[in-house]
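Take a look at the structure below.
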Amino acid sequence: MSQPEDYRNYERRVREVLERRIREECAATQIEVLHDKKYKGASGHDHQIDVSAEIILAGCRILILVECKKYRNRVTISDVLELVGRIKDIGAH
């Protein structure tokens, strides 16, 4: 795994890229792209999310969650399943 500041810079860069892409494709939409936010799930558990996008599109709230992994090897299936569990618990898309 990378050094702590290196992964934080990576997360911030991912946030910048995501925000730019969403704004390019959804110009007239209310958008907030955040770094390192906590969301309370239906379970009552607080989940720390590396990057998230909160979008209002045609009156509907869309929540996108991004977990940043900067590893030398591929992420494991357990990393993917953990993210799926967070998405379900938080009610994201």
Cβ-based charge dipole, region 7-87, positive-most Cα from SER52, ILE64, TYR7: TYR7
Per residue accessible area in Å² of the chain, where ligands, DNA and RNA are left out and the probe is 1.4 Å: 69
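Could you tell me what percent of the accessible area of the chain is made up of carbon and sulfur, with a 1.4 Å probe and every protein chain present?
Working: 3310 of 6420 Å².
Roughly 52 percent, rounded to a whole number.
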Taking all pairs of distinct alpha-carbon atoms in the chain, Kirkwood radius in angstrom: 14.2
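Provide the net charge surrounding SER43, with neighbours chosen by a C-beta distance below 12 Å and charges set as Lys +1, Arg +1, Asp -1, Glu -1.
+1
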Inter-label distance, nm, simple model (7 Å from Cα along the C-beta direction), LYS70/TYR10: 0.6
Environment charge at LYS88 (Cβ cut-off 15 Å; Lys +1, Arg +1, Asp -1, Glu -1): -1
Assigned charges on the beta-carbon of Lys, Arg, Asp, Glu; region 41-93 dipole about Cα centre (debye): 240
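The values are calculated or read from the model by the stated rules, or taken from the named source; none is laboratory data. This one's a predicted model, so the numbers in the text were calculated from it and none came from an experiment. For neighbour counting, all protein chains shown are included, and Cβ atoms are generated from backbone atoms with ideal geometry for every residue, glycine included. Remember, those area values only see protein heavy atoms, side chains included, never the ligands or the DNA or RNA. Shrake-Rupley method; radii C 1.70, N 1.55, O 1.52, S 1.80 Å.
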